[in-house]
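The values are calculated or read from the model by the stated rules, or taken from the named source; none is laboratory data. Computed from a predicted model, the values in this text were never measured in an experiment. With ideal geometry, Cβ positions are generated from the backbone for all residues, glycine too; neighbour counts draw on all protein chains shown.
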Amino acid sequence: MTAPFLTPRTATELAMPTGLGRARRIFLKNFETRIFIGIHDFEKQAKQRVIVNVDLYLNPDGKVERDHIDETVDYDFVRREIVGLAESSHFNLQETFCEKILAICLARPGVLAARVSSEKLDVYPDCESVGFEIFRTSNR
């Protein structure tokens with residue numbers, strides 16, 4: 001018997017967080033980078049492969065009328081910021097890494113909410129990955 005909180009969710013339910021109502025979403029999916037991350041001594045010796053996913057929820061009433069990038073949020077900044085963070089220092093926890101990415105995203109004009117996840121790919125031989133995910137709305 002499966003517990004109610006473990007029932008599978010549809011792609012739509014996973015994409016749209018509860019309470020957001022409606023929104024437009026841009027995303028960075030399965031971006032692989034290498035970072036120094038982890039609490040163990042061996043993790044401080046070499047970079048690890050990490051997958052990062054970011055969903056940015058935008059104003060649902062925004063319109064792109066001129067087909068110009070200044071009418072939306074340019075997702076290039078997300079990738080650029082993740083690369084910068086990955087090169088900046090060692091992170092003990094995935095939670096810290098994700099929180100920093102989340103703060104950058106929520107500070108961006110036009111972003112109403114964001115979801116960030118990271119997955120360490122090479123931790124256990126019997127697991128595809130281990131990770132962390134966080135979702136938060138902007139205070140604006």
So for region 64-85 (the condition being small (Gly, Ala, Ser) and surrounded by fewer than 12 Cβ atoms within 10 Å (Cβ to Cβ)), does at least one residue qualify? yes
Can you tell me which of (1) under 27 Å from residue 94 (Cβ atoms); (2) more than 17 Å from the chain's Cα centre (by Cα); (3) surrounded by fewer than 12 Cβ atoms within 10 Å (Cβ to Cβ); (4) of a type in the set (D, E, K, R) is the one residue 47 doesn't meet? (3)
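For (1) under 14 Å from the mean Cα position of the chain (by Cα); (2) farther than 28 Å from residue 63 by Cα; (3) assigned to a loop (DSSP other than H, G, I, E, B); (4) modelled with pLDDT under 95, each residue gets a yes or a no:
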position	(1), (2), (3), (4)
84	no, yes, no, no
96	yes, yes, no, no
100	yes, yes, no, no
109	no, no, yes, yes
119	yes, yes, no, no
124	no, yes, yes, yes
133	yes, yes, no, no
Looking only at region 19-29, decide whether some residue is exposed (fewer than 10 other Cβ atoms within 10 Å of the Cβ) and modelled with pLDDT of 90 or more. yes
When restricted to 73, 52, 78, 64, the only residue in contact with a helix residue (DSSP H, G or I) (Cβ under 6 Å, 6 or more places away or on another chain) and within 22 Å of residue 102 (Cα to Cα) is 52
